[in-house]
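The values are calculated or read from the model by the stated rules, or taken from the named source; none is laboratory data. What you are looking at is a predicted structure, and each value in this text was computed from that prediction instead of being measured. Here the Cβ positions follow ideal geometry from the backbone for every residue, glycine too, while neighbour counts run over all protein chains shown. Heavy atoms of the whole protein, side chains included, go into the accessibility calculation; ligands, DNA and RNA do not. Shrake-Rupley method; radii C 1.70, N 1.55, O 1.52, S 1.80 Å.
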Amino acid sequence: MVVLSRIYTRTGDGGSTGLVDSTRVSKTDPRLGAIGDVDEANASIGLALAIGGLEVEVERALGLIQNELFDLGADLATPLADDDTETALRIVPDSVARLEALCDRFGAGLPVLRSFILPGGRPVGAQLHLARTIVRRAERSVWAAIEAHGSGSDDSGPGNGISPLPAIYLNRLSDLLFVLVRVVNGADQETLWQPGAERTDLEQADLEQTGLEPNDPERAN
C-alpha cells in the first residue's frame with residue numbers, strides 16, 4: 001500500500017523523478033509523459049462521475065476503470081528489466097478481456113451507426129467523449145515510450161523495458177468509452193457527422209427555409 005504522510009518531498013526539484021525500482025529518470029522522459037496522460041484520463045473520467053446522472057452499472061464500470069488506470073500507471077513506472085513477477089503490479093490479458101466483455105455488454109441493443117457521432121450530447125456524455133480522446137492520447141504516449149525504451153525484459157539501461165499491454169488496454173478503453181457515451185446520451189442525443197457535400201446541401205436547405213441567401217449579411221446574426 002501507498003503511505004502519503006508528506007505531500008511535498010523536494011526530490012523532484014532537479015527535474016527528475018523516481019520509478020518503482022528507485023531509478024531516477026528525467027521528468028521529460030516519454031515514460032513520464034505517458035504516466036501523466038494516463039493520470040489526466042483518469043481525472044477526466046472522475047469529472048464525468050462527479051457530473052452524475054449515470055446508471056449504477058455505468059458508474060461501477062467507470063469506478064473499476066479508475067482503479068485499473070492506477071494499476072496501469074504502476075505498470076508503466078515499473079521497468080520490465082527489473083521486474084519481480086511476484087510483486088510487480090501489471091496490466092494482464094484478463095484486464096483487456098474484461099474491457100472487451102464490457103463493450104459487448106453495454107453495446108448490445110444499441111442502434112447501428114450509419115456515420116460518426118459529433119462529440120456532445122448530455123453534459124456527462126460530452127465529458128466521456130473528452131475522456132475518450134484523452135485516453136487515445138495516452139495510448140499514443142505509451143507507444144512512444146515503448147519506442148524509446150523497448151518492450152522486453154532484456155532491454156538494458158536505466159528505466160528500460162515497457163510492457164505493451166497498457167497500450168492495448170488503453171485502446172480497448174477508448175472503445176468502451178465510446179460505447180458508454182452512446183448508452184449515456186441515448187439515440188435522441190446523437191448528432192451524426194454529415195460529410196462535406198451532404199452537409200453543404202443540408203445547410204443550403206436550412207438557409208432557404210429561413211429566407212436567407214448564403215452570402216446574406218444577416219446570416220451572421
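On the basis of being hydroxyl-bearing (Ser, Thr, Tyr) and outside any helix (DSSP H, G or I), does residue 133 make the cut? Before the answer, list the steps.
Details: hydroxyl-bearing (Ser, Thr, Tyr): yes; outside any helix (DSSP H, G or I): no.
So residue 133 fails the test.
For residue 84, the conditions (1) more than 16 Å from residue 34 (Cα to Cα); (2) open to solvent by less than 80 Å² (accessible area, probe 1.4 Å); (3) modelled with pLDDT of 90 or more all hold with the exception of (3). Just a yes or no: is a residue in the stretch 128-146 of a type in the set (D, E, K, R) and buried (at least 19 other Cβ atoms within 10 Å of the Cβ)? Among the residues of the stretch 128-146, at least one is of a type in the set (D, E, K, R) and buried (at least 19 other Cβ atoms within 10 Å of the Cβ), which makes the answer yes. Being crowded, with 21+ Cβ neighbours inside 10 Å and touching a Pro at 6+ places or on another chain (Cβ under 7 Å) is the requirement here; does residue 184 meet it? Spelling it out, it is not the case that residue 184 is crowded, with 21+ Cβ neighbours inside 10 Å and touching a Pro at 6+ places or on another chain (Cβ under 7 Å).
Please find, among 12, 33, 63, the residue that is more than 21 Å from residue 107 (Cβ to Cβ), out of contact with any Gly (no Cβ under 8 Å at 6 or more places or on another chain), modelled with pLDDT of 90 or more and open to solvent by less than 80 Å² (accessible area, probe 1.4 Å).
That would be 33, the only listed residue that is more than 21 Å from residue 107 (Cβ to Cβ), out of contact with any Gly (no Cβ under 8 Å at 6 or more places or on another chain), modelled with pLDDT of 90 or more and open to solvent by less than 80 Å² (accessible area, probe 1.4 Å).
Taken together, 98, 122 contain a single residue that is under 22 Å from residue 165 (Cα atoms) and not small (Gly, Ala, Ser), which is 98.
This table checks each residue for (1) in contact (Cβ under 8 Å) with a residue 12 or more places away in the chain; (2) surrounded by fewer than 17 Cβ atoms within 10 Å (Cβ to Cβ); (3) not polar (S, T, N, Q).
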position: 77; (1), (2), (3): yes, no, yes
position: 105; (1), (2), (3): no, yes, yes
position: 114; (1), (2), (3): yes, yes, yes
position: 118; (1), (2), (3): yes, yes, yes
